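Working notes, beginning with the structure itself.
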Amino acid sequence: MKARVIESTCIGCGACQALVPDEFEINDLGIAEAKNEDVKDENKEAVIDAKENCPVGAIFVDE
């Protein structure tokens, strides 16, 4: 599974980072980004939760 953040959509609210700090971070521009090429197995459910809870729908998950 891969997670990606659409930078032009992200508002940098930090919800994804709060939910899954191992997988998301807020960069120097205040925008979220995925930290890893592939989502760790133990974080897959939490990444899906982050996707579903992103207020602007900026997170996409590829199975």
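Odds and ends about this structure:
- Springs between Cα atoms under 10 Å define the GNM used for the chain, and in it the highest mean-square fluctuation of GLU25, GLU42, GLU33 occurs at GLU42.
- Extents of the chain, largest first, come to 28, 20, 18 Å (Cα atoms, principal axes, whole angstrom).
- Close amide H pairs (under 5 Å, H built 1.01 Å from N) link PHE24 with LYS35, residues at least 5 positions away or on another chain.
- 0 to 90° range, to nearest 10: angle between helix 44-53 axis and the chain longest Cα axis: 30 degrees
Every number in this text was worked out from the coordinates using simple rules, so none of it is lab data. All values derive from a computational prediction rather than experimental measurement.
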